[in-house]
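Written out below as structure tokens is the structure these notes cover.
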Number of protein chains: 2
Amino acid sequence: MTEVRNMYPLFSDEYYMQLALYEAEAAANAGEIPVGAVITCRQRIIAKTRNQTEQLTDVTAHAEVLAITAAADYLGSKYLKDCTLYVTLEPCVMCAGALYWSQIGRIVFGASDEKRGYSLLSQNVLHPKTTVKKGILEPEITQLLKNFFQRLRT
Amino acid sequence: MTEVRNMYPLFSDEYYMQLALYEAEAAANAGEIPVGAVITCRQRIIAKTRNQTEQLTDVTAHAEVLAITAAADYLGSKYLKDCTLYVTLEPCVMCAGALYWSQIGRIVFGASDEKRGYSLLSQNVLHPKTTVKKGILEPEITQLLKNFFQRLRT
């Protein structure tokens with residue numbers, strides 16, 4: 001895992017995305033497709049998860065699904081209206097559907113997923129009140145994914 | 001819960017759907033939106049679940065997601081290619097996305113969901129190898145849903 005400290009301003013989108021990126025790196029080191037997620041609620045981190053589909057033998061164990069479950073458990077509420085999800089890769093359709101049900105306030109993602117990203121299907125998968133920002137730390141995230149798949153092929 | 005025995009021929013789609021319907025009835029009795037699911041693998045039941053979003057305070061705890069997790073755990077495999085999911089209500093986008101990742105062989109559902117069913121968005125949400133059958137025990141399932149929402153409103 002990268003040992004560099006988080007140099008981004010506290011509470012910035014880059015700061016939280018860097019934490020999600022550390023989770024993604026930990027996933028890669030565990031042989032998982034590297035995706036990491038953080039959920040904040042009023043600037044407080046309430047969930048920090050990574051893709052665990054291999055470890056849990058469960059296709060539903062994407063970072064986002066695990067983060068939604070953990071955040072709702074922390075808040076004692078099914079709904080995440082005041083929360084922001086930071087996730088390194090664009091959510092897939094399953095995760096976007098889960099985010100719809102959670103009514104999450106805001107989604108920030110890093111790299112677009114040109115194969116399985118929800119936006120390929122329709123922008124309407126998300127809740128109408130959810131706002132989306134993308135491209136945060138994209139070069140670092142794309143590099144991590146590239147390295148991971150390159151290593152798989154060798 | 002209905003005490004009537006399952007009168008459908010063993011191994012028929014109606015037989016398994018009746019079991020899913022019992023799960024849906026149990027969900028209704030627990031105050032959950034009544035949806036039940038069964039997964040079979042070569043005619044053997046390997047998962048039987050119901051919607052537990054209220055009980056678990058978790059929007060991702062739909063019957064289908066819980067069934068996929070349970071079935072994969074039973075088989076020790078992430079993929080459910082030789083399995084059939086029986087679910088009383090048409091899967092939502094989240095569940096259809098989860099079923100895509102599971103590469104499930106076959107989906108049988110009862111009632112269509114005219115508000116949040118995956119087919120409203122696109123048929124392409126599911127895996128290209130997954131086959132779908134619908135309408136099994138639809139009248140009983142629709143009646144259960146109607147009764148549940150009527151009771152909520154009174």
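Quick notes
- Residue count for the range B:25-39, restricted to those that are within 21 Å of residue B:74 (Cβ to Cβ), of a type in the set (A, V, I, L, M) and in contact (Cβ under 8 Å) with a residue 40 or more places away in the chain: 4
- Residues within the range B:28-37 that are buried (at least 16 other Cβ atoms within 10 Å of the Cβ), away from chain A (no Cβ under 14 Å) and assigned to a loop (DSSP other than H, G, I, E, B), tallied: 1
- Residues in the range B:74-103 that are in a loop (DSSP other than H, G, I, E, B) and either at the interface with chain A (Cβ under 10 Å from one of its Cβ atoms) or of a type in the set (Ser, Thr, Tyr) (or both): 7 in all.
- Qualifying residue in the range A:120-135 (condition: at pLDDT 95 or above, over 15 Å from residue A:18 (Cα atoms), in contact with an Asp or Glu (Cβ under 8 Å, 6 or more places away or on another chain) and of a type outside the set (D, E, K, R)): no
- Test result for residue A:40, within 16 Å of the chain's Cα centre (by Cα), over 15 Å from residue A:103 (Cβ atoms) and within 9 Å of another protein chain (Cβ to nearest Cβ): no
- The condition of being closer than 24 Å to residue B:73 by Cα, of a type in the set (Val, Ile, Thr) and outside any loop (DSSP other than H, G, I, E, B) holds for only one of A:142, A:57, A:69, that being A:69.
- Qualifying residue in the range A:104-111 (condition: within 12 Å of chain B (Cβ to nearest Cβ), surrounded by 13 or more Cβ atoms within 10 Å (Cβ to Cβ), outside any loop (DSSP other than H, G, I, E, B) and not hydrophobic (A, V, I, L, M, F, W, C)): no
- Number of residues in the range A:113-139 that are free of Cβ contacts under 8 Å to residues at least 12 places away in the same chain and part of a helix (DSSP H, G or I): the value is 4.
- Subset of the range A:40-64 (residues that are touching a residue at least 40 places away in the same chain (Cβ under 8 Å), within 20 Å of residue A:140 (Cβ to Cβ) and not hydroxyl-bearing (Ser, Thr, Tyr)): A:63
- Residue match in the range B:44-66 (condition: within 13 Å of the chain's Cα centre (by Cα), over 17 Å from residue A:100 (Cβ atoms) and at the interface with chain A (Cβ under 10 Å from one of its Cβ atoms)): yes
- Failed criterion for residue A:116 (all others in (1) surrounded by fewer than 24 Cβ atoms within 10 Å (Cβ to Cβ); (2) within 13 Å of the chain's Cα centre (by Cα) hold): (2)
- Scanning the range B:136-154 for residues that are under 18 Å from the mean Cα position of the chain (by Cα) and loosely packed, with under 14 Cβ neighbours inside 10 Å yields B:139, B:143, B:146.
The values are calculated or read from the model by the stated rules, or taken from the named source; none is laboratory data. What you see is a predicted model; the values in this text were computed from it and never measured. Here Cβ is always computed from backbone atoms with ideal geometry, including for glycine, and neighbour counts include all displayed protein chains.
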